[in-house]
1. Every residue in the stretch 213-241 that is within 14 Å of Leu198 (Cβ to Cβ) and not small (Gly, Ala, Ser), please.
2. Which ranges mark the strands (runs of 3 or more DSSP E) fully within the stretch 1-113 that have 1 or more residues being under 19 Å from Thr145 (Cβ atoms) and of a type in the set (Lys, Arg)?
3. Here is a list: Ala179, Ala206. Which entry is in contact (Cβ under 8 Å) with a residue 40 or more places away in the chain and in contact with a strand residue (DSSP E or B) (Cβ under 7 Å, 6 or more places away or on another chain)?
4. Got a sec? Which of Leu136, Leu224, Leu198 is hydrophobic (A, V, I, L, M, F, W, C), surrounded by 16 or more Cβ atoms within 10 Å (Cβ to Cβ) and assigned to a helix (DSSP H, G or I)?
5. Asp176 - would you say it is out of contact with any Pro (no Cβ under 7 Å at 6 or more places or on another chain) and buried (at least 20 other Cβ atoms within 10 Å of the Cβ)?
6. How many of the residues in the stretch 122-132 are outside any loop (DSSP other than H, G, I, E, B) and under 17 Å from the mean Cα position of the chain (by Cα)?
7. Cβ-Cβ distance below 8 Å, separation of 6 or more or different chains: which pairs start in the stretch 76-105 with a residue that is under 9 Å from Gly134 (Cα atoms) and modelled with pLDDT of 95 or more and end on one that is part of a helix (DSSP H, G or I) and not aliphatic (A, V, I, L, M)?
8. Restricting the stretch 5-45 to residues that are free of Cβ contacts under 8 Å to residues at least 60 places away in the same chain and within 18 Å of Phe160 (Cβ to Cβ), which is farthest from the chain's Cα centre (by Cα)?
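The values are calculated or read from the model by the stated rules, or taken from the named source; none is laboratory data. These numbers were taken from a predicted model, which means no experiment stands behind them. Note that we place each Cβ from the backbone using ideal geometry, even for glycine, and neighbour counts take in every protein chain shown.
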Amino acid sequence: MTETLAWKRVLLKLSGEALAGGAPLGIDTDVVGRIADAIVAARALGAEIGIVIGGGNLFRGAWLQKQGTDRVTGDHMGMMATVMNALAMREALSARGLKAKVFSGLSMPAVADDFTQRHALEALATDGVALFAGGLGTPFLTTDTTAAMRASEMRCDAIFKATNVDGVYTADPKKDPTATRFDRLTFDEAIGRDLKVLDTAAFALARDNAIPIIVFSLEEPAALIEVLKGSGRATLVAGRGA
């Protein structure tokens, strides 16, 4: 039975590093399975979820840049890393009986559907889950910006940014014990304070399309459900400054 949700259609942004678990690189199948369980439970409540996963657990373009390699080549390799992560998540969801398609901004027809808004909207409405990989198909843009763009195209109610802490802080609370947490911020405050939870372009795109951002920790099993219901511990970024 569908429950009343505060946010029905959301874009879930996951970092690639989250999929690595405690390892510096790679894909931890136990972690992927745990996240898949949370998504399946959310879908059972009637939520529709688009998913963007970073690729930092497999590759970052900046690694090649340090050696003088072309940024464009590095970014394309990073986009391919996001496709690998999306395929891993799709298979974990499929193993749990939840169908999901992978749409790629970088054309890779052998493994993923090319992204079009029309087909992705149809898949999200039909299956309830869609994975967006391959960035936007162009270099110099982050997966944060991809998440904000896909959320806009999919007409999402909110962007859910899953991190390893329970919201937005003035500094990294794992490094600075004096860091304080925000319950709520406007987009202009988040941009003006240069808070690093998302990049500036992503904040601006979400602001201009009036899509709230909820920052929370996915480390607790029920966290996604709680935030979908409008409860749980999180930071809400919404609205403009005065």
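1. Selection gives Ile213, Ile214, Val215, Phe216, Thr235, Leu236, Val237.
2. 9-14
3. Details: Ala179 fails: in contact (Cβ under 8 Å) with a residue 40 or more places away in the chain.
Being in contact (Cβ under 8 Å) with a residue 40 or more places away in the chain and in contact with a strand residue (DSSP E or B) (Cβ under 7 Å, 6 or more places away or on another chain) holds for just one of Ala179, Ala206, which is Ala206.
4. On the way: Leu136 fails: assigned to a helix (DSSP H, G or I); Leu198 fails: assigned to a helix (DSSP H, G or I).
Going through Leu136, Leu224, Leu198 in turn, just one is hydrophobic (A, V, I, L, M, F, W, C), surrounded by 16 or more Cβ atoms within 10 Å (Cβ to Cβ) and assigned to a helix (DSSP H, G or I): Leu224.
5. Working: out of contact with any Pro (no Cβ under 7 Å at 6 or more places or on another chain): yes; buried (at least 20 other Cβ atoms within 10 Å of the Cβ): no.
Here the answer is no, as Asp176 does not meet what is asked.
6. Restricting attention to the stretch 122-132, the residues satisfying the condition of being outside any loop (DSSP other than H, G, I, E, B) are 122-127, 129-132.
Right, trim to under 17 Å from the mean Cα position of the chain (by Cα) and you get 124, 129-132.
Number of matching residues: 5.
7. Ala81/Gly16; Thr82/Gly16; Thr82/Thr143; Phe103/His119; Gly105/Thr146
8. Ala44
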